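Notes follow once the structure below has been shown.
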Amino acid sequence: MASKVISFFSFSLIALYLLSQSALADSHGNGQSPFGFLNHLQGCHKGEKVKGIQELKKYLEKFGYLNYNNTSANQDDDDFDELLESALKTYQLNYNLNITGVLDAKTVSQMSLSRCALADIVNGSTRMQSGKKRVDHHGSSHFHTVSHFTFFGGNPKWPSTKYHLSYAFLAGTRVDAVTPVGRAFAAWAANTHFTFSWTRNISEADITISFESGDHGDGYPFDGPGATLAHAYAPTDGRFHYDAEENWSVGASPGAFDLETLALHEIGHLLGLHHSSVEGAIMFPTFSAGETKGLHEDDIQGIRTLYNA
Ligand code: TQI
Ligand code: CA
Ligand code: ZN
Ligand code: ZN
């Protein structure tokens, strides 16, 4: 019995020793970076197919930047696809690198640093504190601002020379919508490189706002009270429609939808943002009657990323 206890004890010691050695070898690679595959991928960008990109995908997936579930793209090939580019941009944003979407030299060297094995992103939100500089237990410090904005397919956006956009209200707009819509544009302007101005000249307006009901001729009929409240098109279309049959309010009011909050969300679409998985973001796809919401750091980072601004 005693010998059994002793042999079990010594077996445990050996197992522990082996485990700790393999953990050390894994994280420090005996002085060699385990991310050697990265070196010959330097300079890779969307549209390329280079052996080893699979490994890059695995790396970004391991740390929570990439999730190929429910997509038609393939995790197990060497294609530098759209999803990989967007994951790389989030990684670059997180480590305060230039958001190029290209596996440039600085990104390669950041990725090659030994790091802890916990994912940066878990379930679409970050375990890092947004916007705070932190030093991890390996002594490396970085800004952690993982964001979960998304863009429309193909990343449509306004041309870089077109940062001033004019908006007009079409006939039938409720007069009480003018102020909340203006305030929503002002909030986006205060946080992005865009400026906006109201014009009465509908034909010259970049953006048009109108109240529509039921089938209004654009192929996306509204549905009476509830369900769809409003919609807006990706750049550079400029159309923003409110469902005229909703119970609208200026500010929070029980059972009514705040015109300004809806405008903040739809302007996000007009500028090129799709939905975000960050709950506090204006682009998060849930909004309730009787509430108001404002812009979130994630929304602003989304625009900055899309426009490289
Ligand atoms: N209108 C949808 C929306 O704006 C319409 C829509 C669905 C859409 N998918 C889209 C528009 C993709 C552009 C691009 O998202 S909605 C919300 C939210 C709506 C929904 O009336 O359902 C908000 C309007 F996000 F809460 F679901 C505003 Cl904030
Ligand atoms: Ca509706
Ligand atoms: Zn419409
Ligand atoms: Zn939306």
Legend entry - Over 21 Å (Cα to Cα) - which of LYS89/LYS157; LYS57/LYS106; LYS49/LYS157; LYS46/LYS89; LYS46/LYS106 fall in this group: LYS49/LYS157
Inset, instruction - May I have the extent of the alpha carbons of segment 175-249 along their three principal axes, as whole Å values ordered from largest to smallest? - result: 35, 26, 22
Inset, instruction - Please work out the FRET efficiency for the pair HIS216 and ASN67, using the Cβ-Cβ distance as r and a Förster radius of 51 Å; give the result to the nearest 0.05. - result: 0.90
Inset, instruction - At 1.4 Å probe size, with no ligands or nucleic acids counted, give the accessible surface of GLU291 in Å², nearest ten. - result: 90
Legend entry - Computed E for THR100/ALA186 - FRET, C-beta separation, R0 25 angstrom, nearest 0.05: 0.20
Inset, instruction - Would you kindly calculate the mean projected area, averaged across all directions, of the convex hull enclosing the Cα atoms of segment 239-287, in square nanometres? - result: 3.7
Inset, instruction - Give me the percent of Cα-Cα pairs in segment 160-306 that sit more than 22 Å apart, rounded to a whole number. - result: 34
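Could you work out the local net charge near HIS45, counting Lys and Arg as +1, Asp and Glu as -1, over the other residues with Cβ closer than 14 Å to its Cβ?
On the way: positive: LYS46, LYS49, LYS89; negative: GLU48, ASP78, ASP79, ASP81, GLU82, GLU85, ASP104.
Charge balance near HIS45 sits at -4.
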Inset, instruction - Could you tell me what fraction of 2.2 N^0.38 Å the Cα radius of gyration of segment 36-112 comes to, as a two-decimal ratio? - result: 0.97
Legend entry - Spacing of the two label points (7 Å from each Cα toward its C-beta) at LYS58 and HIS193, in nm: 3.8
Inset, instruction - Using a Förster distance of 41 angstrom, determine the FRET efficiency expected from the C-beta separation of LYS51 and THR286, and round it to 0.05. - result: 0.45
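Where the accessible area of segment 36-112 is counted over protein heavy atoms with a 1.4 Å probe, how much of it, in %, is carbon and sulfur?
On the way: 1600 of 3570 Å².
That share works out to 45 percent.
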Inset, instruction - First compute the accessible area of segment 160-306 with a 1.4 Å probe, then give the percent of it belonging to carbon and sulfur atoms. - result: 50
Inset, instruction - Note down the nm distance, to one decimal, between modelled labels 7 Å out along Cα→Cβ at ASP76 and at GLU279. - result: 3.6
Inset, instruction - In nm, give the distance between the simple-model label positions of ASN308 and VAL175, each being 7 Å from the Cα along the Cα-to-Cβ direction. - result: 4.7
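The values are calculated or read from the model by the stated rules, or taken from the named source; none is laboratory data. Since this is a predicted model, take the numbers as computed values, not measurements. Please note: Cβ atoms are built from the backbone with ideal geometry, for glycine as well, and neighbour counts cover all protein chains shown. Just the protein is used for accessible areas: all its heavy atoms, side chains included, with ligands, DNA and RNA removed. Shrake-Rupley method; radii C 1.70, N 1.55, O 1.52, S 1.80 Å.
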